Amino acid sequence: MKIPTAMDDSSVSHHNGGQVGSQIGVNVNNKQNDEPSQSVQYSIPGILHFIQHEWARFELERSQWEVDRAEFEARIAFLQGERKGQENLKNDLVRRIKMLEYALKQERAKLHKLKYGVELQQGDMRPPPEELPPEPEPAERAQWKQGQQLIKQYLQEIGYTDTILDVRSNRVRTLLGLNNEEQGEDPNYRNYDKQQRDRYEICSSHAMNSMGRKYDYGGKEPRKSGVSTGGGYNEEGLSVQETAAVFANFEFLANQEMDMDEIDDLDAKQPHHAASKQGEEVDHEAEEVLNELNSLTESEADGGGQGDEYPVGKFAGGPGVAAAGAGVVGAGVVGAGGAGGAGGEADEEPLALGELAQLTVSNEPEAYDVASANKESFRKTWNSKYTLRSHFDGVRAIAFHPTEAALVTASEDHTLKLWNLQRTVPAKKSAGLDVEPLYTFRAHTAPVLCLAMGAPRSEECFSGGLDGTIRVWNLPPPTADPYDPYDPAVQGPVLREHTDAVWSLSAAHGRLLSSSADGTARLWAPRAARPLLATLRDDAPAHAAHAAHAAHAAPAAADFADAGARAAVVYRDGTLLLYDLETTQVVMRVSCDSPMTRVRSHPTLPLLVTAHEDRHIRFWDGVSGRCAHAMVAHLDAVTGLALDPNGLFLLSGSHDCSVRLWNLDTKTCVQEITAHRKKFDESILDVAFHPLRPYIASAGADGLAKVFV
Amino acid sequence: MADGVQILRRNRPGFKAKDFCRWPDEPFEEMDSTLAVQQFIQQTIRRDPANLEAILKMPEAQDEGVWKYEHLRQFCMELNGLAVRLQSECKPETCTQMTATDQWIFLCAAHKTPKECPAIDYTRHTLDGAACLLNSNKYFPSRVSIKESSVAKLGSVCRRVYRIFSHAYFHHRSIFDAFEKETHLCKRFTYFVTKYSIIAKEILILPKLDDETPITPPVGESEA
């Protein structure tokens, strides 16, 4: 959020921003820096040619003739092929850039016209991105000035300038409060970033092959925008240079200077900080291009995933690429153009906490902010898309299919339902899509309270109910018809050892962890002949000491921790116990005052997150047991928790009817969605992240489930 | 937590089954949620499922369409319980058609062209179809007010749902009896459709179910 840069603390002195190529050796970490250099020889065409080459050599060796000649031939072929490949790619990129630019121009013109009723005279003032943008012609500039004067007049007439001031000072204030965080922050903010990071960390070495080359190409791009915006920045964003010149021409924004001064003061202590940010933003853009390129050229799955995930409209051209490409090319371009509308746009933007927070500190092209803000809002705002209505009573639990765009809900009406988000019924009003359930699971004889999805490809799910049973279900295929004949095979084994309501289920590594009001948590191998593997009961004397509690220490929830080696169980008396699953002994015990309702363990870190009835979410160090952080997260009891698969975001639901998305690094709320109505005093009962796809979901006491994209 | 001062009617994770929904009744007038009618109906049923008159006594100034609609939702929901029991006994091989008495074979209306589904499928399809209809954003977009034209849809749902009772009664009597003993659902349903004349009397083929519920004092768990 706050600082949208991916490399925040690392590259401190990159005033020239996204010059990926020129960055080498400047600073500390930067995987980025290493990549381009090591990756040149490992690109896809490289590999292909290398294979060719190898093959040629093999031929050579086998035949033992004309060794030299063949070698040279191979060499020539290799080089020529490479050159051709490079050229093709370059052409392709240039084409894309032009397309994007064109789309952008049109968009800007449209926006301008709509907003101010004046035809935007941009003509060909935007230089082709392949060359460094020349200085704007004086004549053009005069034109611009005229136009801007006009705009300025209009704006003043409608009192826009004041608004701009307000917005800006607001930002300043927010920033003041947020500066500290920004510094300490981990770079990965956006949804988008997490993928990025993933990619970097996971594929750092081998998968680089394919990326490396891309990186090179990408490098060209950002370089330009980097120069322009970066240069602009160096001269306080008002210099007349390249695209930034355009921005500079917006003199009516001169009154910004006041703000700028303010900011400068505030910011005086951390000039590097701001500077680096600038640099990084552009770096970031570079990455974006890379990423998109990747998605273009790499496997479809990847591309598809990304395309899905960041549907960025507006740009007429290529969907996915447009977004990122525009980010790069547009860094300057949008920057300039955006400045015109900046005031207005900033006004319209729902400046929610998150959004405000991510606005950058510096007084560099403000439009830059807007540009990134736009991207942000494209990426990060989750909107309700599907409403799942079919349950007769509150939906207690919700879980996504491990791979498909499908989910299962469990309700107090004693049933579970399977939904396929790709089979929708157009809703009456435009707002969202209605989905009808694919299948209704009937077997529980009481409200179903919890749900867990099996591993990918196992096509199974588990449900636990007030009736004390845990049931294993074989999921019907996503193509099933709701009115197919009844198939008893959908029902799998039933685990009956719990003697009271089963409140939570968690599945991992083929095992199932349940917690029940009978005072135990149990570990299962659901399909084994003797499914019950272990019973976790807290009979430690320490616990008995709290006699009052021990009497009704009912587990509220449980989750696997430490990659399945341990189980975290939270109790209604506010105790959090970590059991070793080998020995079934308690290895860690912490407690707090408020009853706990949920626990989730972080997918990669030894971190446990608990939800409490006192409106808090608490974070526990899974090793030391220290409470790492506690925050008031909602206006009422927190009832649902979910971590995204990369462990960067946290989703929480509460009886205050809202779902909130949190950035795990900063512990700040990124988005709040009011999702469900109240039934008695209950509202939201569960939230979930899709393990692969960009879906989140909430389930409510009002009998509805909602999916957000 | 704010308990004690203010009653929070919540089922908290970790509650025992017997404590589920066991909270003091809330007077209907104080329910300000959009689901007030459902809350009220469920609350009355929980107090005593046998007390049909109390359950079906509509609060004053209540929209009758919504009242009927919410009751039908509740019926369909509780019928899931009967369907679960039937699943274990009512097999497509034995009950190849949806019948009650030998007079009629009911065709399943869930399909494009009505079909002779086995009884268990008929039951499930009817309940699934009812769930879709009653939750349809088109016909029932609100749970506070309901269009007259949508109220008319309730009749056909009731007719089909009644067949589930009758099939269970004539073909799976022990299941029916056990279920009825627990829930009084069929009696309540009959009372409901008669009271609001939703189904013609001659379609109600089940013999009058024994004790036509004298108003007994609440037996079950009464609230603290």
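The values are calculated or read from the model by the stated rules, or taken from the named source; none is laboratory data. The structure presented is a predicted model; accordingly, all values stated were derived computationally and were not measured. Here the Cβ is made from the backbone with ideal geometry for all residues, glycine too, and neighbour counts use every protein chain on show. In case anyone asks, the SASA skips ligands and DNA or RNA and just uses the protein heavy atoms, side chains included. Shrake-Rupley method; radii C 1.70, N 1.55, O 1.52, S 1.80 Å.
Quick notes
- Local electrostatic count at B:H111 - Lys and Arg +1, Asp and Glu -1, tallied over other residues with Cβ under 14 Å: -1
- Solvent-accessible area of A:K678 with every protein chain in place, 1.4 Å probe, in Å² to the nearest 10: 70 Å²
- Evaluating kT/(6 pi eta Rh) at 4 °C and 1.567 mPa s, with the Kirkwood radius of the stretch A:66-113 over Cα pairs in the Stokes-Einstein relation, gives 96 µm² s⁻¹.
- Principal axes of the stretch B:105-199: Cα extent on each, largest first, Å: 39, 32, 20
- Buried solvent-accessible surface, both chains (B, A), 1.4 Å probe, Å² to nearest 100: 4400 Å²
- With a 1.4 Å probe rolled over the protein heavy atoms of all chains, the accessible area of B:S136, B:S197 falls in the order B:S197, B:S136, largest first.
- With K and R counted +1 and D and E -1, the other residues having a Cβ less than 11 Å from that of A:H602 yield a net charge of -3.
- Per-residue SASA remark: A:I673, around 30 Å² accessible (1.4 Å probe; ligands, DNA and RNA not included).
- Solvent exposure ordering (accessible area, 1.4 Å, most first) of A:E61, B:E89: A:E61, B:E89
- Chain-alone versus full-assembly comparison, the stretch B:38-54, residues with accessible loss of at least 40 Å² (1.4 Å probe): B:Q39
- The mean sequence separation of alpha-carbon pairs under 8 Å and at least six residues apart, normalised by the residue count of the stretch B:20-83, gives a relative contact order of 31 percent.
- Total formal charge among the other residues, if their Cβ is under 13 angstrom from that of A:C657, Lys/Arg +1 and Asp/Glu -1: -1
- The stretch B:18-69 and the stretch A:632-699 have their alpha-carbon centroids 30 Å apart.
- Accessible-area ranking of A:C461, A:C669, largest first, probe 1.4 Å: A:C669, A:C461
- Surface accessible to a 1.4 Å probe, B:S149 within the full protein complex, Å²: 80 Å²
- Across peptide A:406-419, the average count of Cβ atoms from other chains found within 10 Å of a residue's Cβ is 2.
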